[in-house]
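The values are calculated or read from the model by the stated rules, or taken from the named source; none is laboratory data. All figures in this text were calculated on a predicted structure; none of them were measured in a lab. With ideal geometry, Cβ positions are generated from the backbone for all residues, glycine too; neighbour counts draw on all protein chains shown. The protein model used for the area step is the full one, side chains on, heavy atoms only, and it has no ligands, DNA or RNA in it. Shrake-Rupley method; radii C 1.70, N 1.55, O 1.52, S 1.80 Å.
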Amino acid sequence: MADLTLFNSLTRKKEVFTPINPPNVGLYTCGMTVYDFAHIGHGRKYTTDDVLKRTLTYFGYKVKHVQNVTDVGHLVSDGDEGEDKLEKGSRKFGKTVWEVAEFFTKNFYDSMDKLNIIRPDVIAKATDHIPEQLDLIKKLIDKGYAYDTPEAVYYDVTKFKDYGKIFGQNLEDKKVAVREEVETGKHKKHPADFALWFKTVGRFKDHSMHWPSSYGEGFPGWHIECSAMSIKYLGPQFDIHTGGEDHLSIHHPNEIAQSEGATGLKPFARYWLHTRFLLVDGEKMSKSLGNFITLEDVEKKGFDPIALRYLYLTSHYRKQMNFTWESLSSAQTALTNLRNQLQALKMQTDRTTLSPEKQEKMDSLRLKFSNAIGNDLNTSEALAIVWEVLKSNIPSVDKYDLIMSFDEVFGLKLSEAKHEDKEIPEEIKELSDKRNKLRKEGEFDKADDVRKVIEEKGYTVKDTPGGSLIIKK
Ligand code: AMP
Ligand code: ZN
(Lines give C-alpha, C1' and ligand atoms only; values in the text may rest on other atoms or scores of the structure.)
(Ligands and ions follow the chains in the order given, each with its own letter.)
Protein backbone atom coordinates (compact mmCIF):
# COMPACT_ATOMS: atom_id res chain seq x y z
CA MET A 1 0.00 0.00 0.00
CA ALA A 2 1.17 3.51 -0.79
CA ASP A 3 1.73 6.20 1.83
CA LEU A 4 -1.15 8.44 2.74
CA THR A 5 -0.11 12.06 2.39
CA LEU A 6 -2.32 14.99 3.31
CA PHE A 7 -1.90 18.70 2.80
CA ASN A 8 -1.64 20.11 6.30
CA SER A 9 -2.86 23.72 6.54
CA LEU A 10 -0.79 24.11 9.72
CA THR A 11 2.52 23.63 7.95
CA ARG A 12 1.19 24.42 4.45
CA LYS A 13 2.89 21.28 3.17
CA LYS A 14 1.91 17.79 2.11
CA GLU A 15 2.90 15.42 4.89
CA VAL A 16 2.86 11.66 5.31
CA PHE A 17 0.03 10.87 7.69
CA THR A 18 1.01 9.13 10.91
CA PRO A 19 -1.54 8.90 13.72
CA ILE A 20 -0.79 9.42 17.41
CA ASN A 21 -2.06 6.00 18.39
CA PRO A 22 -2.23 3.68 15.36
CA PRO A 23 -4.39 2.11 14.09
CA ASN A 24 -6.79 4.55 15.78
CA VAL A 25 -7.48 7.94 14.26
CA GLY A 26 -9.37 10.76 15.94
CA LEU A 27 -11.19 12.92 13.39
CA TYR A 28 -13.10 16.10 14.17
CA THR A 29 -15.10 17.76 11.39
CA CYS A 30 -16.68 21.14 12.07
CA GLY A 31 -20.41 20.77 11.59
CA MET A 32 -23.24 22.90 10.42
CA THR A 33 -24.87 25.99 11.91
CA VAL A 34 -28.45 24.82 11.88
CA TYR A 35 -30.53 27.90 11.07
CA ASP A 36 -31.36 27.33 7.39
CA PHE A 37 -31.34 24.62 4.73
CA ALA A 38 -28.28 22.53 4.00
CA HIS A 39 -27.12 23.12 0.43
CA ILE A 40 -24.84 21.51 -2.10
CA GLY A 41 -21.93 23.72 -0.94
CA HIS A 42 -22.15 21.89 2.38
CA GLY A 43 -22.44 18.72 0.34
CA ARG A 44 -19.01 19.37 -1.13
CA LYS A 45 -17.34 19.97 2.22
CA TYR A 46 -18.89 16.97 3.93
CA THR A 47 -18.24 14.71 0.93
CA THR A 48 -14.54 15.63 1.23
CA ASP A 49 -14.65 14.72 4.93
CA ASP A 50 -16.38 11.47 4.03
CA VAL A 51 -13.80 10.58 1.37
CA LEU A 52 -11.08 11.34 3.91
CA LYS A 53 -12.72 9.06 6.46
CA ARG A 54 -13.26 6.28 3.91
CA THR A 55 -9.66 6.66 2.71
CA LEU A 56 -8.37 6.31 6.26
CA THR A 57 -10.42 3.14 6.61
CA TYR A 58 -9.13 1.89 3.24
CA PHE A 59 -5.60 2.42 4.55
CA GLY A 60 -6.42 0.21 7.54
CA TYR A 61 -7.11 2.84 10.22
CA LYS A 62 -9.95 2.76 12.73
CA VAL A 63 -11.57 6.15 12.71
CA LYS A 64 -13.48 7.79 15.54
CA HIS A 65 -15.37 10.64 13.94
CA VAL A 66 -16.82 13.50 15.97
CA GLN A 67 -18.90 16.37 14.60
CA ASN A 68 -20.49 19.35 16.28
CA VAL A 69 -23.88 20.87 15.57
CA THR A 70 -23.79 24.64 16.10
CA ASP A 71 -27.16 25.47 17.57
CA VAL A 72 -26.17 28.60 19.51
CA GLY A 73 -23.65 31.44 19.50
CA HIS A 74 -22.64 31.73 15.81
CA LEU A 75 -23.05 35.39 14.88
CA VAL A 76 -23.83 36.64 11.40
CA SER A 77 -21.57 39.08 9.58
CA ASP A 78 -21.58 42.86 9.34
CA GLY A 79 -24.83 43.53 7.57
CA ASP A 80 -26.98 41.78 10.10
CA GLU A 81 -25.74 43.62 13.15
CA GLY A 82 -24.16 40.59 14.61
CA GLU A 83 -27.14 38.72 15.96
CA ASP A 84 -27.05 34.97 16.60
CA LYS A 85 -27.77 33.06 13.38
CA LEU A 86 -30.29 30.92 15.24
CA GLU A 87 -32.27 34.04 16.16
CA LYS A 88 -32.16 35.07 12.52
CA GLY A 89 -33.52 31.64 11.53
CA SER A 90 -36.19 31.89 14.18
CA ARG A 91 -37.48 35.18 12.75
CA LYS A 92 -37.25 34.01 9.17
CA PHE A 93 -39.21 30.80 9.71
CA GLY A 94 -41.51 31.99 12.51
CA LYS A 95 -40.40 29.21 14.86
CA THR A 96 -38.58 29.12 18.17
CA VAL A 97 -34.80 28.84 18.04
CA TRP A 98 -35.13 25.31 19.43
CA GLU A 99 -37.57 24.29 16.70
CA VAL A 100 -35.34 25.84 14.04
CA ALA A 101 -32.31 23.95 15.38
CA GLU A 102 -34.17 20.64 15.48
CA PHE A 103 -35.66 21.04 12.02
CA PHE A 104 -32.43 22.03 10.30
CA THR A 105 -30.29 19.48 12.10
CA LYS A 106 -32.58 16.83 10.67
CA ASN A 107 -32.54 18.53 7.28
CA PHE A 108 -28.73 18.57 7.34
CA TYR A 109 -28.27 14.89 8.19
CA ASP A 110 -31.05 13.83 5.79
CA SER A 111 -29.29 15.78 3.03
CA MET A 112 -25.93 14.25 3.84
CA ASP A 113 -27.52 10.77 3.84
CA LYS A 114 -28.63 11.38 0.28
CA LEU A 115 -24.96 11.88 -0.62
CA ASN A 116 -24.07 8.56 1.03
CA ILE A 117 -22.02 10.33 3.68
CA ILE A 118 -21.37 8.04 6.63
CA ARG A 119 -22.74 9.59 9.81
CA PRO A 120 -20.23 10.59 12.50
CA ASP A 121 -19.77 8.30 15.52
CA VAL A 122 -20.53 11.24 17.79
CA ILE A 123 -22.84 14.11 16.85
CA ALA A 124 -22.43 16.75 19.54
CA LYS A 125 -24.78 19.70 19.91
CA ALA A 126 -23.31 22.89 21.36
CA THR A 127 -26.35 23.37 23.61
CA ASP A 128 -25.85 19.91 25.14
CA HIS A 129 -22.31 20.83 26.20
CA ILE A 130 -22.62 24.09 28.11
CA PRO A 131 -20.87 22.79 31.30
CA GLU A 132 -17.89 21.55 29.26
CA GLN A 133 -17.61 24.95 27.57
CA LEU A 134 -17.82 26.77 30.91
CA ASP A 135 -15.10 24.49 32.32
CA LEU A 136 -12.80 25.41 29.47
CA ILE A 137 -13.56 29.12 29.87
CA LYS A 138 -12.68 28.86 33.56
CA LYS A 139 -9.35 27.20 32.70
CA LEU A 140 -8.58 29.99 30.24
CA ILE A 141 -9.37 32.68 32.80
CA ASP A 142 -7.30 30.88 35.46
CA LYS A 143 -4.34 30.67 33.08
CA GLY A 144 -4.57 34.32 32.10
CA TYR A 145 -5.75 33.77 28.52
CA ALA A 146 -9.21 35.24 29.04
CA TYR A 147 -10.74 38.21 30.85
CA ASP A 148 -14.20 39.05 32.07
CA THR A 149 -15.96 42.28 31.05
CA PRO A 150 -19.50 43.61 31.62
CA GLU A 151 -20.56 42.41 28.13
CA ALA A 152 -18.64 39.16 27.60
CA VAL A 153 -15.75 36.98 28.59
CA TYR A 154 -13.08 37.52 25.94
CA TYR A 155 -10.04 35.58 24.81
CA ASP A 156 -6.96 37.79 24.92
CA VAL A 157 -5.21 37.01 21.63
CA THR A 158 -2.05 38.86 22.62
CA LYS A 159 -1.46 36.18 25.28
CA PHE A 160 -1.25 33.37 22.72
CA LYS A 161 2.15 33.33 21.05
CA ASP A 162 1.95 33.79 17.27
CA TYR A 163 -1.85 33.88 17.28
CA GLY A 164 -1.78 36.05 14.17
CA LYS A 165 0.39 33.61 12.22
CA ILE A 166 -1.63 30.41 12.50
CA PHE A 167 -2.23 28.94 9.01
CA GLY A 168 -0.04 31.73 7.60
CA GLN A 169 -2.75 34.31 8.19
CA ASN A 170 -2.00 37.80 9.29
CA LEU A 171 -3.67 39.82 11.98
CA GLU A 172 -4.87 42.41 9.47
CA ASP A 173 -7.16 39.81 7.81
CA LYS A 174 -8.59 38.99 11.17
CA LYS A 175 -9.34 42.60 11.92
CA VAL A 176 -11.46 42.74 8.79
CA ALA A 177 -13.19 39.51 9.61
CA VAL A 178 -14.06 40.56 13.15
CA ARG A 179 -15.15 44.06 12.18
CA GLU A 180 -18.67 43.43 13.30
CA GLU A 181 -17.56 42.46 16.78
CA VAL A 182 -15.14 45.39 16.92
CA GLU A 183 -17.98 47.81 16.57
CA THR A 184 -20.02 46.23 19.30
CA GLY A 185 -17.46 44.75 21.69
CA LYS A 186 -16.65 47.92 23.61
CA HIS A 187 -14.64 46.21 26.30
CA LYS A 188 -12.24 44.27 24.11
CA LYS A 189 -8.58 44.93 24.79
CA HIS A 190 -7.57 44.03 21.22
CA PRO A 191 -9.80 44.14 18.12
CA ALA A 192 -9.08 40.47 17.37
CA ASP A 193 -10.06 39.31 20.87
CA PHE A 194 -13.08 37.06 20.61
CA ALA A 195 -15.97 36.17 22.86
CA LEU A 196 -16.00 32.94 24.82
CA TRP A 197 -19.17 33.80 26.71
CA PHE A 198 -21.68 36.47 25.72
CA LYS A 199 -23.74 37.95 28.53
CA THR A 200 -27.41 38.61 28.02
CA VAL A 201 -26.94 42.36 28.28
CA GLY A 202 -26.98 45.15 25.71
CA ARG A 203 -27.54 43.85 22.19
CA PHE A 204 -28.09 40.36 23.57
CA LYS A 205 -30.46 41.22 26.39
CA ASP A 206 -33.35 39.43 24.66
CA HIS A 207 -31.32 36.48 23.44
CA SER A 208 -33.59 33.47 23.76
CA MET A 209 -30.97 30.85 24.56
CA HIS A 210 -29.12 31.50 27.79
CA TRP A 211 -27.69 29.66 30.75
CA PRO A 212 -26.49 30.69 34.22
CA SER A 213 -22.74 30.92 34.80
CA SER A 214 -20.38 32.46 37.30
CA TYR A 215 -19.89 35.35 34.82
CA GLY A 216 -23.60 35.98 34.60
CA GLU A 217 -26.47 34.67 32.49
CA GLY A 218 -25.38 34.19 28.89
CA PHE A 219 -24.48 31.90 26.05
CA PRO A 220 -21.25 30.57 24.55
CA GLY A 221 -19.37 32.11 21.63
CA TRP A 222 -19.15 29.98 18.53
CA HIS A 223 -15.53 28.84 18.77
CA ILE A 224 -15.48 27.43 22.29
CA GLU A 225 -17.92 24.61 21.46
CA CYS A 226 -15.50 22.93 19.06
CA SER A 227 -12.62 23.07 21.54
CA ALA A 228 -14.76 21.76 24.39
CA MET A 229 -16.40 18.95 22.44
CA SER A 230 -13.33 17.76 20.55
CA ILE A 231 -11.38 17.57 23.81
CA LYS A 232 -14.25 15.73 25.48
CA TYR A 233 -14.58 13.06 22.80
CA LEU A 234 -11.09 12.84 21.28
CA GLY A 235 -8.79 14.00 24.06
CA PRO A 236 -6.57 17.10 24.34
CA GLN A 237 -4.57 16.07 21.27
CA PHE A 238 -5.89 14.20 18.29
CA ASP A 239 -5.10 13.46 14.68
CA ILE A 240 -7.18 15.33 12.11
CA HIS A 241 -9.41 18.39 12.15
CA THR A 242 -11.30 19.61 9.09
CA GLY A 243 -13.35 22.58 7.99
CA GLY A 244 -14.13 24.85 5.09
CA GLU A 245 -11.76 27.51 3.77
CA ASP A 246 -13.64 30.17 5.74
CA HIS A 247 -12.37 28.58 8.95
CA LEU A 248 -8.74 29.38 8.17
CA SER A 249 -8.95 33.00 9.23
CA ILE A 250 -10.94 32.98 12.46
CA HIS A 251 -12.65 29.84 13.68
CA HIS A 252 -9.74 27.42 13.56
CA PRO A 253 -7.05 29.79 14.86
CA ASN A 254 -9.45 30.53 17.72
CA GLU A 255 -9.98 26.85 18.40
CA ILE A 256 -6.22 26.33 18.50
CA ALA A 257 -5.70 29.31 20.81
CA GLN A 258 -8.43 28.06 23.15
CA SER A 259 -7.48 24.39 23.22
CA GLU A 260 -3.73 24.81 23.43
CA GLY A 261 -4.11 27.66 25.91
CA ALA A 262 -6.30 25.55 28.19
CA THR A 263 -4.43 22.23 27.99
CA GLY A 264 -0.89 23.55 27.49
CA LEU A 265 -0.45 20.80 24.86
CA LYS A 266 0.65 21.52 21.32
CA PRO A 267 -0.49 20.78 18.69
CA PHE A 268 -4.15 20.40 19.56
CA ALA A 269 -4.81 18.64 16.24
CA ARG A 270 -1.91 17.44 14.10
CA TYR A 271 -3.36 17.69 10.60
CA TRP A 272 -5.78 20.39 9.47
CA LEU A 273 -7.64 20.01 6.18
CA HIS A 274 -9.69 22.73 4.53
CA THR A 275 -12.11 22.27 1.65
CA ARG A 276 -12.47 25.16 -0.77
CA PHE A 277 -15.87 26.55 -1.60
CA LEU A 278 -18.43 25.43 -4.08
CA LEU A 279 -19.38 28.49 -6.08
CA VAL A 280 -22.41 29.36 -8.12
CA ASP A 281 -21.96 32.02 -10.81
CA GLY A 282 -18.51 32.63 -9.35
CA GLU A 283 -19.83 33.43 -5.88
CA LYS A 284 -19.75 31.32 -2.70
CA MET A 285 -22.95 29.33 -2.36
CA SER A 286 -24.24 30.24 1.08
CA LYS A 287 -27.20 30.39 3.38
CA SER A 288 -26.62 34.07 4.06
CA LEU A 289 -26.43 35.04 0.37
CA GLY A 290 -29.52 32.92 -0.33
CA ASN A 291 -28.06 31.69 -3.65
CA PHE A 292 -28.15 28.07 -2.67
CA ILE A 293 -29.35 24.86 -4.25
CA THR A 294 -30.44 22.04 -1.98
CA LEU A 295 -30.25 18.29 -2.40
CA GLU A 296 -34.00 18.32 -2.84
CA ASP A 297 -33.62 20.72 -5.77
CA VAL A 298 -31.16 18.29 -7.31
CA GLU A 299 -33.63 15.45 -6.95
CA LYS A 300 -36.48 17.60 -8.15
CA LYS A 301 -34.62 18.05 -11.42
CA GLY A 302 -34.49 14.27 -11.78
CA PHE A 303 -30.84 13.79 -10.78
CA ASP A 304 -29.55 11.10 -8.51
CA PRO A 305 -27.79 12.90 -5.60
CA ILE A 306 -24.94 10.44 -6.06
CA ALA A 307 -24.30 12.05 -9.45
CA LEU A 308 -23.55 15.20 -7.45
CA ARG A 309 -21.13 13.20 -5.34
CA TYR A 310 -19.51 12.00 -8.57
CA LEU A 311 -19.25 15.62 -9.70
CA TYR A 312 -17.53 16.61 -6.44
CA LEU A 313 -15.01 13.81 -6.92
CA THR A 314 -14.01 15.07 -10.35
CA SER A 315 -12.29 18.08 -8.81
CA HIS A 316 -9.72 18.40 -6.04
CA TYR A 317 -10.98 19.57 -2.66
CA ARG A 318 -8.27 22.24 -2.45
CA LYS A 319 -9.59 24.00 -5.54
CA GLN A 320 -12.78 25.99 -5.68
CA MET A 321 -15.44 24.47 -7.87
CA ASN A 322 -18.10 26.28 -9.85
CA PHE A 323 -21.40 24.43 -9.95
CA THR A 324 -23.48 24.28 -13.12
CA TRP A 325 -26.43 22.07 -13.98
CA GLU A 326 -24.60 21.11 -17.20
CA SER A 327 -21.67 19.73 -15.22
CA LEU A 328 -24.08 17.78 -13.03
CA SER A 329 -25.70 16.41 -16.14
CA SER A 330 -22.34 15.16 -17.44
CA ALA A 331 -21.61 13.61 -14.05
CA GLN A 332 -25.00 11.85 -14.14
CA THR A 333 -24.18 10.44 -17.60
CA ALA A 334 -20.78 9.20 -16.44
CA LEU A 335 -22.23 7.63 -13.30
CA THR A 336 -25.01 5.87 -15.19
CA ASN A 337 -22.50 4.62 -17.75
CA LEU A 338 -20.25 3.29 -15.00
CA ARG A 339 -23.09 1.56 -13.22
CA ASN A 340 -24.27 -0.01 -16.49
CA GLN A 341 -20.81 -1.36 -17.16
CA LEU A 342 -20.64 -2.79 -13.66
CA GLN A 343 -24.01 -4.46 -14.09
CA ALA A 344 -22.72 -6.06 -17.28
CA LEU A 345 -19.59 -7.26 -15.47
CA LYS A 346 -21.71 -8.69 -12.68
CA MET A 347 -23.58 -10.86 -15.19
CA GLN A 348 -20.37 -12.48 -16.38
CA THR A 349 -19.55 -15.15 -13.85
CA ASP A 350 -16.71 -16.72 -15.85
CA ARG A 351 -14.13 -16.82 -13.09
CA THR A 352 -10.95 -17.91 -14.76
CA THR A 353 -7.73 -18.27 -12.84
CA LEU A 354 -5.69 -15.12 -13.02
CA SER A 355 -2.56 -15.52 -15.09
CA PRO A 356 0.58 -14.12 -13.41
CA GLU A 357 0.58 -11.23 -15.89
CA LYS A 358 -3.02 -10.39 -15.17
CA GLN A 359 -2.41 -10.68 -11.45
CA GLU A 360 0.45 -8.26 -11.87
CA LYS A 361 -1.74 -5.88 -13.83
CA MET A 362 -4.36 -6.03 -11.12
CA ASP A 363 -1.84 -5.36 -8.37
CA SER A 364 -0.44 -2.43 -10.30
CA LEU A 365 -3.91 -0.94 -10.77
CA ARG A 366 -4.62 -1.35 -7.08
CA LEU A 367 -1.35 0.37 -6.22
CA LYS A 368 -2.04 3.11 -8.70
CA PHE A 369 -5.38 3.70 -7.01
CA SER A 370 -3.93 3.89 -3.51
CA ASN A 371 -1.18 6.20 -4.80
CA ALA A 372 -3.78 8.52 -6.29
CA ILE A 373 -6.17 8.61 -3.35
CA GLY A 374 -3.23 8.61 -0.92
CA ASN A 375 -1.87 11.68 -2.67
CA ASP A 376 -3.88 14.22 -0.68
CA LEU A 377 -7.14 12.61 -1.82
CA ASN A 378 -6.70 13.02 -5.55
CA THR A 379 -10.19 11.81 -6.32
CA SER A 380 -10.23 12.75 -10.00
CA GLU A 381 -7.09 10.72 -10.67
CA ALA A 382 -8.53 7.84 -8.63
CA LEU A 383 -11.73 7.97 -10.70
CA ALA A 384 -9.71 7.80 -13.90
CA ILE A 385 -8.24 4.51 -12.69
CA VAL A 386 -11.74 3.00 -12.59
CA TRP A 387 -12.04 3.61 -16.34
CA GLU A 388 -8.57 2.15 -16.77
CA VAL A 389 -9.65 -1.01 -14.93
CA LEU A 390 -12.66 -1.31 -17.21
CA LYS A 391 -10.44 -1.15 -20.28
CA SER A 392 -7.83 -3.57 -18.92
CA ASN A 393 -7.58 -7.24 -19.87
CA ILE A 394 -8.15 -8.69 -16.39
CA PRO A 395 -11.14 -11.07 -15.99
CA SER A 396 -14.57 -9.49 -15.58
CA VAL A 397 -15.10 -10.82 -12.08
CA ASP A 398 -11.80 -9.35 -10.93
CA LYS A 399 -12.55 -6.04 -12.58
CA TYR A 400 -15.82 -5.95 -10.71
CA ASP A 401 -14.23 -6.82 -7.36
CA LEU A 402 -11.45 -4.30 -7.84
CA ILE A 403 -13.80 -1.45 -8.70
CA MET A 404 -16.09 -2.33 -5.83
CA SER A 405 -13.13 -2.16 -3.46
CA PHE A 406 -12.38 1.35 -4.81
CA ASP A 407 -16.00 2.24 -4.24
CA GLU A 408 -15.45 1.79 -0.51
CA VAL A 409 -13.61 5.09 -0.87
CA PHE A 410 -15.75 6.77 -3.53
CA GLY A 411 -19.09 5.89 -1.92
CA LEU A 412 -20.77 6.06 -5.33
CA LYS A 413 -22.98 2.99 -4.83
CA LEU A 414 -21.59 1.63 -8.07
CA SER A 415 -23.25 -1.73 -7.68
CA GLU A 416 -26.70 -0.16 -7.92
CA ALA A 417 -28.52 -0.95 -11.10
CA LYS A 418 -29.95 2.45 -11.86
CA HIS A 419 -31.53 5.20 -9.95
CA GLU A 420 -35.25 5.45 -9.68
CA ASP A 421 -36.53 8.11 -12.02
CA LYS A 422 -37.75 10.90 -9.82
CA GLU A 423 -38.52 13.27 -12.65
CA ILE A 424 -41.59 15.38 -11.92
CA PRO A 425 -44.15 15.26 -14.78
CA GLU A 426 -44.51 18.42 -16.89
CA GLU A 427 -48.16 18.73 -15.90
CA ILE A 428 -47.25 19.00 -12.21
CA LYS A 429 -44.45 21.48 -12.89
CA GLU A 430 -46.88 23.66 -14.83
CA LEU A 431 -49.39 23.53 -11.98
CA SER A 432 -46.68 24.56 -9.54
CA ASP A 433 -45.68 27.50 -11.78
CA LYS A 434 -49.31 28.53 -11.97
CA ARG A 435 -49.58 28.39 -8.18
CA ASN A 436 -46.43 30.50 -7.75
CA LYS A 437 -47.79 33.09 -10.16
CA LEU A 438 -51.08 33.27 -8.26
CA ARG A 439 -49.24 33.67 -4.97
CA LYS A 440 -47.16 36.51 -6.40
CA GLU A 441 -50.37 38.20 -7.48
CA GLY A 442 -51.79 37.80 -3.97
CA GLU A 443 -54.45 35.30 -5.12
CA PHE A 444 -53.85 32.99 -2.18
CA ASP A 445 -57.22 31.20 -2.28
CA LYS A 446 -56.81 30.33 -5.93
CA ALA A 447 -53.21 29.30 -5.31
CA ASP A 448 -54.41 27.00 -2.58
CA ASP A 449 -56.90 25.39 -4.94
CA VAL A 450 -54.05 24.63 -7.33
CA ARG A 451 -52.08 23.16 -4.45
CA LYS A 452 -55.00 20.82 -3.74
CA VAL A 453 -55.03 19.65 -7.36
CA ILE A 454 -51.29 18.96 -7.11
CA GLU A 455 -51.89 17.03 -3.88
CA GLU A 456 -54.65 14.98 -5.49
CA LYS A 457 -52.26 14.00 -8.25
CA GLY A 458 -49.87 12.55 -5.67
CA TYR A 459 -47.41 15.42 -5.17
CA THR A 460 -46.69 17.88 -2.35
CA VAL A 461 -45.52 21.44 -2.79
CA LYS A 462 -43.19 22.90 -0.18
CA ASP A 463 -42.28 26.55 -0.11
CA THR A 464 -38.65 27.10 0.80
CA PRO A 465 -36.31 30.09 0.63
CA GLY A 466 -34.83 28.47 -2.49
CA GLY A 467 -38.26 28.47 -4.20
CA SER A 468 -41.11 26.01 -4.11
CA LEU A 469 -40.23 22.36 -4.25
CA ILE A 470 -42.40 19.60 -5.65
CA ILE A 471 -42.05 16.27 -3.97
CA LYS A 472 -43.65 12.95 -4.91
CA LYS A 473 -45.69 11.71 -1.96
P1 AMP B 1 -21.97 26.74 8.09
O2 AMP B 1 -23.15 26.03 8.58
O3 AMP B 1 -22.27 27.85 7.15
O4 AMP B 1 -21.08 27.14 9.22
O5 AMP B 1 -21.13 25.74 7.22
C6 AMP B 1 -20.74 24.47 7.66
C7 AMP B 1 -19.53 24.03 6.88
O8 AMP B 1 -19.81 24.02 5.48
C9 AMP B 1 -18.31 24.94 7.05
O10 AMP B 1 -17.18 24.11 7.15
C11 AMP B 1 -18.27 25.75 5.79
O12 AMP B 1 -16.97 26.10 5.44
C13 AMP B 1 -18.83 24.75 4.77
N14 AMP B 1 -19.44 25.45 3.65
C15 AMP B 1 -20.44 26.37 3.69
N16 AMP B 1 -20.72 26.81 2.44
C17 AMP B 1 -19.88 26.14 1.59
C18 AMP B 1 -19.66 26.15 0.17
N19 AMP B 1 -20.36 26.94 -0.63
N20 AMP B 1 -18.72 25.33 -0.33
C21 AMP B 1 -18.00 24.51 0.48
N22 AMP B 1 -18.16 24.47 1.81
C23 AMP B 1 -19.07 25.26 2.37
ZN1 ZN C 1 -15.61 24.14 14.61
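Remarks
- Shape call, region 1-157: gyration tensor on alpha carbons, a/c limit 1.5: oblate
- Short-range pairs are left out: with C-alpha atoms under 8 Å and at least six residues apart, the relative contact order of region 181-321 is 17 percent.
- Working from label points 7 Å from Cα in the Cα-to-Cβ sense, the Ser364 to Asn291 distance is 4.6 nm.
- Mean accessible surface per residue for region 300-382, computed with a 1.4 Å probe while every protein chain stays in place, in Å²: 48
- Ranked from largest, the principal axis spans of the Cα set of the chain equal 76, 64, 33 Å.
- Two-decimal Rg/Rh across region 220-373, once Rg and the Kirkwood Rh are taken from alpha-carbon atoms: 1.11
- Probe 1.4 Å, protein heavy atoms only - accessible area per residue of region 53-156 in square angstrom: 43
- For region 7-21 versus region 185-260, the gap between their alpha-carbon centres in whole angstrom: 25
- Relative to one another, the C-alpha centroids of region 104-120 and region 311-383 are positioned 24 Å apart.
- The simple spin-label model puts a point 7 Å past each Cα toward its Cβ; for Ile118 and Glu430 those points are separated by 4.8 nm.
- The chain, accessible surface, carbon-and-sulfur percent (1.4 angstrom probe): 51
- MRE, 222 nm, helices only [DSSP H, n ≥ 4, -39500 (n - 2.57), over the chain, to nearest 500]: -14000 deg cm²/dmol
- Descending by average beta-carbon neighbour count within 10 Å, the peptides 9-22, 37-50, 290-303 line up as 37-50, 290-303, 9-22, the highest first.
- Fraction of the pair-distance distribution of region 189-290 above 15 Å, Cα-Cα pairs, percent: 70
- Bridging of Lys429 to lysines at a Cα separation below 18 Å is possible for Lys300, Lys301, Lys437, Lys440, Lys446, Lys452, Lys457, Lys462, Lys472, Lys473, once same-chain residues fewer than 8 apart are set aside.
- Based on the reciprocal of the average 1/r between different C-alpha atoms, the Kirkwood radius for region 14-68 equals 12.6 Å.
- Two-site FRET efficiency, Asp128 against Phe103, from Cβ-Cβ distance with R₀ of 25 Å, rounded to 0.05: 0.90
- Model label sites at Asn170 and Lys319, defined 7 Å from Cα along the beta-carbon direction, differ in position by 2.8 nm.
- Within the same chain, lysines fewer than 8 places from Lys189 are excluded, and of the rest, those with a Cα less than 18 Å from its Cα are Lys143, Lys159, Lys161, Lys174, Lys175, Lys199.
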